[in-house]
1. Given the options 70, 90, name the one that is within 11 Å of ligand 2 (Cβ to nearest atom), closer than 27 Å to residue 190 by Cα and not in a helix (DSSP H, G or I).
2. Could you grab me the full set of residues in the range 99-114 that are in contact with a helix residue (DSSP H, G or I) (Cβ under 7 Å, 6 or more places away or on another chain) and over 16 Å from residue 46 (Cβ atoms)?
3. Criterion first (within 7 Å of ligand 1 (Cβ to nearest atom) and part of a loop (DSSP other than H, G, I, E, B)) does residue 103 satisfy it?
4. Here are 177, 134, 157: which of them is more than 15 Å from ligand 1 (Cβ to nearest atom), assigned by TED's automatic domain parsing to the domain that holds residue 96, surrounded by 15 or more Cβ atoms within 10 Å (Cβ to Cβ) and on the phi < 0 side of the Ramachandran plot?
5. Of (1) more than 14 Å from ligand 1 (Cβ to nearest atom); (2) at pLDDT 95 or above, residue 189 satisfies all except one. Which?
6. Picking from 71, 83, which residue would you name as being within 8 Å of ligand 1 (Cβ to nearest atom) and under 11 Å from the mean Cα position of the chain (by Cα)?
7. Restricting to the range 73-87, what's the tally of residues that are part of a loop (DSSP other than H, G, I, E, B) and more than 18 Å from residue 185 (Cβ to Cβ)?
Ligand code: HEC
Ligand code: HEC
């Protein structure tokens with residue numbers, strides 16, 4: 001190889017190497033753009049991921065230090081009403097106040113709509129010994145203690161409607177906590193809200209009756 005030829009080969013090699021490294025840079029930039037850095041994610045996706053860290057990857061609920069309620073299949077009007085109640089502190093819960101008060105109304109609607117369309121199987125895990133009693137309370141109520149049939153409002157299959165929540169597949173320990181502590185958490189402040197509709201029913205149930213009906217609805221699909 002003579003001198004000129006060698007330097008041409010080296011120049012061509014350098015050019016190739018330069019092209020390759022430019023290509024690699026372009027590829028790695030576009031990979032970042034495609035996969036997205038967390039901050040580049042749309043606001044909706046980032047929020048949804050945040051909700052799912054507590055409420056479960058398919059909104060099925062989660063048993064942590066606190067029971068995180070199922071949101072999957074929940075009525076959008078109910079989700080929106082409860083987020084508003086947390087924000088206005090009519091429903092007191094420090095975790096959900098912090099989560100909810102930064103959400104815009106359009107974000108709340110988008111999240112409610114997303115969770116409504118998820119349909120994972122029930123979380124499960126409730127004791128099965130009182131299922132028959134629970135079903136009777138759910139379908140017929142307890143006339144002797146002024147407890148109406150739950151099905152009259154929550155629907156025969158427990159799917160709820162509008163601001164009346166879905167109970168089907170809801171987590172057993174979460175429902176016990178809500179029914180047993182109804183007026184400690186809900187209906188705070190001076191304004192009367194939808195929580196007042198449930199208050200007498202929650203108060204008139206004994207602990208074993210709460211456990212029975214919570215176990216029953218937690219098994220509904
Ligand atoms: C750090 C954990 C955590 C995060 C994150 C979180 N939640 Fe919650 N959420 C909870 C807990 C705990 C409760 C139960 C509160 C209670 O006992 O009243 C709850 C309750 C709710 C309820 C009421 C459900 C019912 O059946 O009444 C809704 C609606 C809700 N969360 C929506 C959301 C949405 C939407 C997001 C995301 C923007 C979200 N949550 C993020 C922990 C969390
Ligand atoms: C007259 C209608 C009505 C009847 C009957 C009724 N509920 Fe409700 N229930 C509601 C409404 C409305 C809410 C939403 C309350 C709120 O806005 O805080 C609710 C909420 C609940 C919740 C909270 C769910 C959640 O996700 O946090 C549980 C649990 C519940 N009801 C269980 C029952 C059980 C068990 C019965 C039967 C013993 C029953 N309800 C009967 C109207 C009713």
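1. Details: 70 fails: closer than 27 Å to residue 190 by Cα.
The match here is 90.
2. As a first pass, look at the range 99-114 and keep what is in contact with a helix residue (DSSP H, G or I) (Cβ under 7 Å, 6 or more places away or on another chain): 100-101, 103, 107-114.
101, 109, 112, 113 - these are the residues of the range 99-114 that are in contact with a helix residue (DSSP H, G or I) (Cβ under 7 Å, 6 or more places away or on another chain) and over 16 Å from residue 46 (Cβ atoms).
3. Numbers: within 7 Å of ligand 1 (Cβ to nearest atom): yes; part of a loop (DSSP other than H, G, I, E, B): yes.
Considered against the rule, which asks whether it is within 7 Å of ligand 1 (Cβ to nearest atom) and part of a loop (DSSP other than H, G, I, E, B), residue 103 comes out as yes.
4. Working: 177 fails: more than 15 Å from ligand 1 (Cβ to nearest atom); 157 fails: surrounded by 15 or more Cβ atoms within 10 Å (Cβ to Cβ).
Unique residue meeting the criteria: 134.
5. Of everything listed in (1) more than 14 Å from ligand 1 (Cβ to nearest atom); (2) at pLDDT 95 or above, residue 189 misses just condition (2).
6. Details: 83 fails: under 11 Å from the mean Cα position of the chain (by Cα).
The match here is 71.
7. Quick first cut of the range 73-87, residues part of a loop (DSSP other than H, G, I, E, B) only: 73-75.
From the residues that got through so far, the ones that are more than 18 Å from residue 185 (Cβ to Cβ) too are 73, 75.
Counting residues in the range 73-87 that are part of a loop (DSSP other than H, G, I, E, B) and more than 18 Å from residue 185 (Cβ to Cβ) gives 2.
For (1) under 22 Å from residue 63 (Cβ atoms); (2) out of contact with any helix residue (DSSP H, G or I) (no Cβ under 6 Å at 6 or more places or on another chain); (3) modelled with pLDDT of 95 or more, each residue gets a yes or a no:
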residue: 126; (1), (2), (3): yes, no, yes
residue: 140; (1), (2), (3): no, yes, yes
residue: 144; (1), (2), (3): no, yes, yes
residue: 151; (1), (2), (3): no, no, yes
residue: 167; (1), (2), (3): yes, no, yes
residue: 212; (1), (2), (3): yes, no, yes
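The values are calculated or read from the model by the stated rules, or taken from the named source; none is laboratory data. All values derive from a computational prediction rather than experimental measurement. Every residue, glycine as well, gets a Cβ built from its backbone with ideal geometry; the counts of neighbours run over all protein chains shown.
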